[in-house]
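Here the structure is laid out as structure tokens; the discussion comes afterwards.
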Amino acid sequence: MTTGEIELSAGTVAYRDTGGDGPVLVLLHGLMMDASLWDRTITELAADHRCVAPTLPLGAHRHGMRADADLSLPGVARLVAEFLDRLDLRDVFLVGNDTGGALVQLMMVDGAARVAGVVLVSCDAFDNFPPGLTGRTLVLSGRLPPRLFGMFMQQMRLRPLRRMPVAFGWLTLRGDAATARWIRPVLERPEIRRDAVRTLRAAAADTGLLLAAAERLPRFDRPALVVWARGDRVMPPEHGRRLAALLPRGLLVEIDDSYTLVPLDRPTELARAIREFTRSSAAT
């Protein structure tokens, strides 16, 4: 897997790319995360898929964005579309987990150019935005000025606090090492704190955007896989069932022994579901 950087309208975006043949997967992460969310799933899929995972400006990125960049979720979704265009990625399968799945939904209702199908993995949906106690706490903290937001986030250096339900505790059963790594940019770099606060304030100002998107999801007529953690405590499992039923070509797979971040908790099972989905989509 190689790493690269690309200059987009909002700023510099880093990404990982396995190259190779096979279906192209573009994997999107959530707030306060980076592309490493997908590392173990990519390891399982790289033999017969090309996996491309950008680190989006959602709070764990390494390059500050331009002052005029639109860092709302619709703005970041448009940035993903620009990323696909610039790398000339075609017939891709968009895969989104956590708030990455919200980005996929926004792209689905905006035409989803270059997209052959989608995979929604335990993600924000319907009225669950910001999602659960975790998301509401994070968005509330975004009301603080960037410097005070950074001071608030300093407590995440301590594992017992990271494991609390208001932090990452209900997001992953096994991924604490990843969460400790993801918080470093916002703790250490003022430009990342500024970007994170901009995104969180935009989210607070538009909490109904996924309800509006859901009204248009039935128009998405391409293959769609919904993978949900059966024991999810942040993203209601009922939402996974509703999404699968809403999509004309929706398929539901539920996974045990996992919280929201299925790529961390059950990467092999997630990779198996994605592989079966891309194979069946190619067959039709």
Given just the C-alpha atoms of the stretch 61-179, how large is their convex hull per residue in cubic angstrom?
-> 137
Per-bin percent of Cα-Cα distances, the stretch 209-257 [5 Å] = 5, 22, 28, 23, 15, 6, 1
To two decimal places, what compactness ratio does the stretch 36-125 give when its Cα radius of gyration is scaled by 2.2 N^0.38 Å?
-> 1.07
Contour excess over end-to-end distance, with Cα ends at residue 276 and residue 238 and 0.36 nm allotted per residue = 11.4 nm
Per 10 Å bin from zero, what fraction in whole % of the C-alpha pairs of the stretch 14-67 is there, up to the bin with the longest pair?
-> 27, 48, 21, 4
Tabulate in residue order the Karplus-calculated ³J(HN,Hα) for the stretch 253-260, using 6.51 cos²θ - 1.76 cosθ + 1.60 with θ = phi - 60°, rounded to whole Hz; enter x for Gly and Pro.
-> 10, 10, 10, 8, 6, 8, 9, 4
Rounded to whole Hz, the Karplus (6.51, -1.76, 1.60) HN-Hα couplings of the stretch 195-201, x for glycine and proline = 4, 4, 5, 4, 5, 5, 5
The correct pair for the chain, radius of gyration to one decimal and Dmax as a whole number, both in Å and from Cα atoms, is 17.1, 53
With each pseudo-label sitting 7 Å past Cα toward Cβ, what's the residue 207-residue 268 distance in nm, one decimal?
-> 4.1
Between the stretch 243-284 and the stretch 54-101, the alpha-carbon center distance in angstrom = 22
Residue exposure sequence - 123, 51 - by fewest surrounding Cβ within 10 Å = 51, 123
Compute the normalised compactness of the stretch 226-284: alpha-carbon radius of gyration over 2.2 N^0.38 Å, N being the residue count.
-> 1.13
Once a ≥ b ≥ c are taken as the square roots of the eigenvalues of the Cα gyration tensor of the stretch 129-201, is the result rounded (a/c under 1.5), prolate (a/b larger than b/c) or oblate (a/b not larger than b/c)?
-> oblate
Over the stretch 157-284, the quotient of the Cα radius of gyration and 2.2 N^0.38 Å is 1.24
HN-Hα J couplings of the stretch 115-131 from phi, Karplus 6.51/-1.76/1.60, θ = phi - 60°, integer Hz, Gly and Pro as x?
-> 9, 8, x, 9, 10, 9, 10, 5, 9, 4, 6, 6, 8, 8, 8, x, x
Go ahead and set up a Gaussian network model of the chain, Cα springs under 10 Å, then flag whichever of 244, 205, 113 fluctuates most.
-> 205
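Just so you know, all these numbers are worked out from the coordinates, no wet-lab data involved. Quick caveat: nothing in here was measured; it's all calculated off a predicted structure. Positions of Cβ are backbone-derived with ideal geometry, glycine not excepted, and every protein chain shown enters the neighbour counts.
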